[in-house]
Each structure stands twice: as structure tokens, then as C-alpha cells.
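After the C-alpha cells below, expect a handful of questions from me.
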Amino acid sequence: MGKKLFIGNINFKATKENLEEVFAQYGELEEVILVKDEQGRSKGFGFVSYTSEENAQEALKALNGFEIDGRALFVNEARPQEKRERNF
């Protein structure tokens, strides 16, 4: 099982392919997700999953603070999504 990274501060014009191009330099990717709103616009963050823990750590070290399209990326280990209680 690989490791999932959270990617923040992504330029709103960036595409999933842009992320794949940058992050694939550090190893084989399992999945790339660029989070979008209801209108299909980027929310400025996403997730990248690697097939190996080592590749994920290399990418984290190399790309945290790396500037793409004028914005410094924030890269960190993704945390599991917390269950939220819904009050209607």
C-alpha cells in the first residue's frame, strides 16, 4: 500500500495533468485527485497517492514549498477523513 499526500495552495488554473507531471517525477502514482466545486472549478487543493512510501517521502521533501504558477505548494501527509456528525 502506498502513501497519500495532501497538496494545498494549488493555482486555481492548474489541472490534474499538471499535478501528475510534477509528482510523477518522484515515483509511480496510484491516484491524483484535484478537488473541485459544484461548478467544476478547482478548490486549490488535492491529493496524490504513490505506490511506495519512499517515493511519497521524497516528493514531500522535494515539493513542499515548490513554486508552480506563482504559488508555493503546501505538501503534507494526508490525514484520514474524520467522520462528521450531521445536524439537520
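Since every read-out is calculated from the coordinates, none of them should be taken as a lab result. It should be emphasised that the depicted structure is a prediction, and the values quoted were computed from it without experimental measurement. Positions of Cβ are generated from backbone atoms using ideal geometry, with glycine treated the same way; all protein chains shown enter the neighbour counts.
Just subtract the alpha-carbon distance of Ala24 and Asn87 from 0.36 nm times their residue separation and send over the number in nm, one decimal. Let's see the in-between values first.
Details: separation 63, 0.36 × 63 = 22.68 nm, distance 4.08 nm.
So the chain would gain 18.6 nm between Ala24 and Asn87.
What Kirkwood hydrodynamic radius do you get for segment 3-77 when you take the inverse of the mean 1/r over all pairs of distinct Cα atoms, in Å?
Across segment 3-77, the inverse of the average 1/r is 12.1 Å.
Looking at the chain, how many pairs of lysines come closer than 17 Å at the Cα, when each pair is eight or more places apart or spans two chains? Don't jump to the answer; show the numbers that get you there.
Numbers: Lys3/Lys61; Lys4/Lys16; Lys4/Lys61; Lys13/Lys36; Lys13/Lys43; Lys16/Lys36; Lys16/Lys43.
Lysine pairs satisfying the spacing and distance rule in the chain number 7.
Treat the count of other C-beta atoms within 10 Å as a stand-in for reagent exposure and order Glu30, Glu38 from fewest to most.
Placing the least packed residue first, the sequence is Glu38, Glu30.
Give me the dipole magnitude in Debye, nearest 20, for segment 3-77 about the Cα centre, with unit charges on the beta carbon: positive for Lys and Arg, negative for Asp and Glu.
Computed about the Cα centre, the dipole is about 360 debye.
Calculate, in nm to one decimal, what Glu58 and Ala78 gain on full extension: separation in residues at 0.36 nm each, minus their alpha carbon distance.
5.7 nm
Between segment 1-40 and segment 61-88, what is the C-alpha centre distance in whole Å?
Answer, in whole Å: 10.
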